[in-house]
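The values are calculated or read from the model by the stated rules, or taken from the named source; none is laboratory data. Just so it is clear, the structure is predicted and the values come from calculations on it, not from any experiment. Using ideal geometry, Cβ is built from the backbone for each residue, glycine included, and neighbour counts are taken over all protein chains shown.
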Amino acid sequence: MSSLKEIKNRINSIKSTQKITRAMKMVAAAKVKKAENTVKASRPFTQELNAMFKKLLNSVGTYSSQTLKIKVAIDNYPELLQVRETKAVGLLVNTSNKGLAGAYNANIIRRTIQTIDEYEKKGIKTILFIIGQKGVSTLKKKCKDKNCEIAKTYFAVANEVSGENAHIVVEDIAEYFVSHKIDKIEIITTRFKNMMSYFVENWEVLPLKNTKDDYEKLHDNILEPLMEFTPDMHHILQKVVPMYLTNILYQSLLEAQASELASRMTAMSAASNNADKMLSELSVQYNKTRQYAITNEIIEVVSGANTQLG
């Protein structure tokens, strides 16, 4: 049986931990509502931008960079839209810098490893672009035994979700795609559903496939207006493609941020409740141990008194 001092130390330790979990729950709860509103407000814009982008591509027909001034890889839109044989896939993995978020990071890492294994069976190499410290620390070990490598890591992006940070990541990925280091781009992220749930998903970003067929299915029997381009379609696409890619990544970061905060709030709430149960059980154990000790002392006193009287 544990001593009273040991039980008391455990009670104090659990109380200290519970203060931390309650504080983290309150912080996450304060942030998650704002994150949820931001995600829901950004989804209509993302959907409309995607629809407009596909319509624009279908109207252009042939892509050309002859009249374009290309300073960086992301300006070379014809190459970014080029469909070619897949020899290497770029996976952009959205994790967090902080832990204590339940199974949030573990679920994303598990899906990433599953995706790596699927491509490895096809003889395709995976190149990882990892957002968040948690993904780097785990996947660095996993890549030693698999056909993958880590190309870039981003820690500041996980702390501050913004269009500027998303554009920085997109520029790096575009450089790898244009230089033929990767032939396909996927984002492994979460889709926020509500405060209690989210889904881990693979978003295929580039190259676009079956754009015309998908568009015709969505707009069957709808008379679309003729699109006119000024100054010309290629210069417009050169501006729209980076916007499209940046927005896709930005949306994935917003979804991931909301999912992480919701997962952390749920995890910290469960931890605080478990701490209450443990404190209740330890209090009973403490009282029983104390009562047992007092009883033994009384027995010893009575036994000593009987001995003296005898």
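Among the residues of the stretch 53-71, is there at least one that is part of a loop (DSSP other than H, G, I, E, B) and in contact with a strand residue (DSSP E or B) (Cβ under 8 Å, 6 or more places away or on another chain)?
To start, the set of residues in the stretch 53-71 that are part of a loop (DSSP other than H, G, I, E, B) comprises 61-71.
With the extra rule that they be in contact with a strand residue (DSSP E or B) (Cβ under 8 Å, 6 or more places away or on another chain), the set shrinks to none.
No, because not a single residue in the stretch 53-71 is part of a loop (DSSP other than H, G, I, E, B) and in contact with a strand residue (DSSP E or B) (Cβ under 8 Å, 6 or more places away or on another chain).
Which numbered condition trips up residue 215, out of (1) farther than 30 Å from residue 80 by Cβ; (2) assigned to a helix (DSSP H, G or I); (3) modelled with pLDDT under 75?
Here residue 215 meets the rest and fails (1).
Looking only at the stretch 114-140, how many residues end up being out of contact with any strand residue (DSSP E or B) (no Cβ under 9 Å at 6 or more places or on another chain) and closer than 28 Å to residue 28 by Cβ?
Of the residues in that region, 4 qualify.
Go through the residues of the stretch 181-196 one by one and say whether even a single one is of a type in the set (Phe, Trp, Tyr), within 22 Å of residue 38 (Cα to Cα) and touching a helix residue (DSSP H, G or I) at 6+ places or on another chain (Cβ under 7 Å).
Yes: one or more hits.
For the stretch 151-165, which positions are touching a helix residue (DSSP H, G or I) at 6+ places or on another chain (Cβ under 6 Å) and either of a type in the set (Lys, Arg) or farther than 21 Å from residue 104 by Cα (or both)?
152, 163, 165
Search the stretch 145-176 for residues being outside any loop (DSSP other than H, G, I, E, B) and either in contact with a Gly (Cβ under 7 Å, 6 or more places away or on another chain) or small (Gly, Ala, Ser) (or both), and hand back the single one that is surrounded by the most Cβ atoms within 10 Å (Cβ to Cβ). So that I can check it myself, show each step before the final result.
The first filter runs over the stretch 145-176 and keeps only residues outside any loop (DSSP other than H, G, I, E, B), leaving 145, 148-154, 156-159, 163-176.
Cutting the leftovers down to either in contact with a Gly (Cβ under 7 Å, 6 or more places away or on another chain) or small (Gly, Ala, Ser) (or both) gives us 151, 156, 158, 163, 166, 173-174, 176.
Values: 151: 17, 156: 11, 158: 23, 163: 13, 166: 23, 173: 26, 174: 23, 176: 19.
Applying the filter and picking the extreme gives 173.
Could you tell me which numbered condition residue 269 fails, if it satisfies all but one of (1) within 20 Å of residue 159 (Cβ to Cβ); (2) polar (S, T, N, Q); (3) modelled with pLDDT under 85?
Only one criterion in (1) within 20 Å of residue 159 (Cβ to Cβ); (2) polar (S, T, N, Q); (3) modelled with pLDDT under 85 is unmet by residue 269, namely (1).
Among the numbered conditions (1) modelled with pLDDT of 80 or more; (2) surrounded by fewer than 18 Cβ atoms within 10 Å (Cβ to Cβ); (3) closer than 15 Å to residue 234 by Cα, tell me where residue 65 comes up short.
(1)
Test each condition in (1) under 20 Å from residue 96 (Cβ atoms); (2) out of contact with any Lys or Arg (no Cβ under 7 Å at 6 or more places or on another chain); (3) at pLDDT below 90 for residue 144 and report the one that comes out false.
Unmet for residue 144, out of (1) under 20 Å from residue 96 (Cβ atoms); (2) out of contact with any Lys or Arg (no Cβ under 7 Å at 6 or more places or on another chain); (3) at pLDDT below 90: (1).
If a residue has to be in a loop (DSSP other than H, G, I, E, B) and among the charged types (D, E, K, R) to count, how many in the stretch 73-131 make the cut?
First pass over the stretch 73-131, keeping only residues in a loop (DSSP other than H, G, I, E, B): 76, 81-87, 95-103, 122-124.
Cutting the leftovers down to among the charged types (D, E, K, R) gives us 84-85, 87, 98, 122.
Total meeting the criteria: 5.
Before we move on, is residue 86 hydroxyl-bearing (Ser, Thr, Tyr), crowded, with 17+ Cβ neighbours inside 10 Å and on the phi < 0 side of the Ramachandran plot?
Answer is no for this residue.
Look through 98, 141 and report the one residue that is over 12 Å from the mean Cα position of the chain (by Cα) and surrounded by fewer than 22 Cβ atoms within 10 Å (Cβ to Cβ).
Unique residue meeting the criteria: 141.
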